[in-house]
1. Exactly one of these conditions fails for Glu68: (1) under 18 Å from Leu7 (Cα atoms); (2) loosely packed, with under 14 Cβ neighbours inside 10 Å; (3) in contact with a strand residue (DSSP E or B) (Cβ under 9 Å, 6 or more places away or on another chain). Give me its number.
2. Please go through segment 70-97 and pick out each residue that is outside any loop (DSSP other than H, G, I, E, B) and in contact (Cβ under 8 Å) with a residue 40 or more places away in the chain.
3. Pull up segment 5-39, narrow it to residues that are modelled with pLDDT of 95 or more, surrounded by fewer than 18 Cβ atoms within 10 Å (Cβ to Cβ) and in a loop (DSSP other than H, G, I, E, B), then point me to the one that is nearest to the chain's Cα centre (by Cα).
4. Looking only at segment 115-130, filter to residues that are among the hydrophobic types (A, V, I, L, M, F, W, C) and in a loop (DSSP other than H, G, I, E, B); which one of those is farthest from Phe9 (Cα to Cα)?
5. How many residues does segment 48-65 hold that are within 26 Å of Val140 (Cα to Cα) and surrounded by 18 or more Cβ atoms within 10 Å (Cβ to Cβ)?
6. Are any of the residues in segment 107-114 under 18 Å from Leu7 (Cα atoms), in a loop (DSSP other than H, G, I, E, B) and not assigned by TED's automatic domain parsing to the domain that holds Leu24?
Amino acid sequence: MRVEPYLMFEGRCEEALDFYRSALGAQVTMLMRYKDNPEPAAGQGCSEGPGPGPTPEMVMHAAFTVGETVLMASDGMGSGKPTFQGISLALSPASEAEAQRLFNALAEGGQVQMPLSKTFFSPAFGMVADKFGVGWMVVVPQ
């Protein structure tokens with residue numbers, strides 16, 4: 001059994017996937033749009049335009065990898081207001097140089113919560129919320 005994070009981007013999923021491809025080298029392994037749902041009457045339908053609910057072009061489900069980790073994502077209900085509270089994703093790059101590169105990429109348009117620096121438990125540790133509000137901890141193992 002595995003636990004895999006599932007991120008709801010509320011209408012910004014495709015933008016997030018593009019960002020993670022660029023920033024982290026993510027690979028999208030699956031993407032299904034709401035319009036591709038073979039059973040829309042089963043409660044996974046979509047709206048035809050502005051208003052509550054996802055539109056046909058929004059991402060119903062996606063899977064992507066960052067390194068060896070599988071993450072899943074969706075546009076959810078398309079509210080336009082993703083919220084990621086009480087959780088962070090941790091990256092463990094092999095070197096300080098790679099940690100700096102990843103941290104800087106994630107910080108682009110986001111908010112640094114703790115600058116990348118040496119700590120008693122790591123030669124490089126930092127915390128950042130990316131431009132979607134997803135919290136990341138970048139930590140180089142001792």
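The values are calculated or read from the model by the stated rules, or taken from the named source; none is laboratory data. As the structure is a prediction and not an experimental result, all values here were calculated from the model. All Cβ positions, even for glycine, are placed from backbone atoms using ideal geometry, and neighbour counts span all protein chains on display.
1. Condition (3) is where Glu68 drops out.
2. Answer for segment 70-97, where residues must be outside any loop (DSSP other than H, G, I, E, B) and in contact (Cβ under 8 Å) with a residue 40 or more places away in the chain: Val70, Leu71, Met72, Ala73, Ser74, Ser88, Leu89, Ala90, Leu91, Glu96.
3. Going through the qualifying residues, I end up with Pro5.
4. Phe120
5. Total satisfying the criteria: 1.
6. yes
Here is a yes/no grid of residues against (1) modelled with pLDDT of 95 or more; (2) buried (at least 17 other Cβ atoms within 10 Å of the Cβ); (3) closer than 22 Å to Thr29 by Cα:
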position: Asp75; (1), (2), (3): yes, yes, yes
position: Pro82; (1), (2), (3): no, yes, no
position: Arg101; (1), (2), (3): yes, no, no
position: Glu108; (1), (2), (3): yes, no, no
position: Gly126; (1), (2), (3): yes, yes, no
position: Gly135; (1), (2), (3): yes, yes, no
